[in-house]
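No lab work stands behind these numbers, since they all come straight from the coordinates. Note that the structure is a prediction, hence the values are computed from the model and not measured. Note: ideal-geometry Cβ built from the backbone for every residue, glycine included; neighbour counts use all protein chains shown.
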Amino acid sequence: MPWVEVAREVEVEPSLYAADFSQLGEQVAALVGAGARVFHFDAGDGHFIPEITIGPVVLASLAPLMRGWGGALDCHLMVAEPERHFEAVAKAGGASVTFHVEACDSPARAVAHARGLGLGVGLAFNPETSVEDAVVAAEGADLVLCMSIHPGYSGQEFMPESVGRIERLRKLLPENVRIQVDGGINATTIGPAREAGADLFVAGSAIFWRDDPPAAYLELSELVRNPAHG
Ligand code: DX5
Ligand code: ZN
């Protein structure tokens, strides 16, 4: 799925960080079977966040499968000096890079760099960062990622103040810039995040830590596509 199309849709994005890595291909295939097309790929460097997660080697294994399925890998870089990794992500077959304003000296340069590599571009910001600072830094990006947890690992609780932050973002951002939300999204929190104006919903534990991940994906997708029934 080309990134421009992804960025136009309302999507639930399974976060691979929460997957069972001994069955990664099978789990992704099952979710593709349920309709998932955009997968969230969390790279952490043990520096910007304490955790070391997954990186371009895993991305390169998944990317050809994903292309065959018409899917896209949306890469969330929870790393210091994110620009150092853009080329590796592009070569490994990532569709986009979302980097943190807190980790970046020059967001404008980073946006241009990612574009030059043909990547979609997102600007992420942590709960301590002001919405206004994120909006300024996001000039030229396709999406803004509002972290609804402290970045690090799956399974944390959604921070309720994120709802107001998403609402403010929606008011301040140009209409064509998508809002992604990441952290603690589940069947209870996805509705308020949607109503506040988010379009892209990252879900790790609420999908992969359930007995039936495709059913969990379908339930969340139903809640955002038909909010009236949610
Ligand atoms: C953690 C990552 C998230 C994580 C979300 O900082 O950025 O994408 O996998 O997991 P849940 O949905 O369980 O909060
Ligand atoms: Zn993430």
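Quick one: in segment 187-223, which of the residues that are of a type in the set (S, T, N, Q) and under 18 Å from residue 17 (Cβ atoms) is nearest to ligand 1 (Cβ to nearest atom)? Spell out the reasoning first.
Let us first name the residues in segment 187-223 that are of a type in the set (S, T, N, Q), namely 188-189, 205, 221.
Among the residues that remain, those that are also under 18 Å from residue 17 (Cβ atoms) are: 189, 205.
Details: 189: 9, 205: 3 Å.
Selected residue: 205.
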(request) Give 105, 142 a once-over and let me know the one that is under 13 Å from the mean Cα position of the chain (by Cα) and at negative phi. (result) 142
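Based on what the data block shows, is residue 35 at positive phi and either surrounded by fewer than 21 Cβ atoms within 10 Å (Cβ to Cβ) or not in a loop (DSSP other than H, G, I, E, B) (or both)?
Working: at positive phi: yes; either surrounded by fewer than 21 Cβ atoms within 10 Å (Cβ to Cβ) or not in a loop (DSSP other than H, G, I, E, B) (or both): yes.
Yes; evaluated as a whole, the condition is true for this residue.
Being away from ligand 1 (no atom under 16 Å from the Cβ), surrounded by fewer than 20 Cβ atoms within 10 Å (Cβ to Cβ), farther than 15 Å from residue 78 by Cβ and not hydroxyl-bearing (Ser, Thr, Tyr), is that true of even one residue in segment 16-23? Steps first, please.
Of the residues in segment 16-23, the ones away from ligand 1 (no atom under 16 Å from the Cβ) are 22-23.
In the following step, the residues that additionally are surrounded by fewer than 20 Cβ atoms within 10 Å (Cβ to Cβ) were identified as 22-23.
Now drop any that are not farther than 15 Å from residue 78 by Cβ, which leaves 22-23.
Subset that is not hydroxyl-bearing (Ser, Thr, Tyr): 23.
Looking through segment 16-23, at least one residue is away from ligand 1 (no atom under 16 Å from the Cβ), surrounded by fewer than 20 Cβ atoms within 10 Å (Cβ to Cβ), farther than 15 Å from residue 78 by Cβ and not hydroxyl-bearing (Ser, Thr, Tyr).
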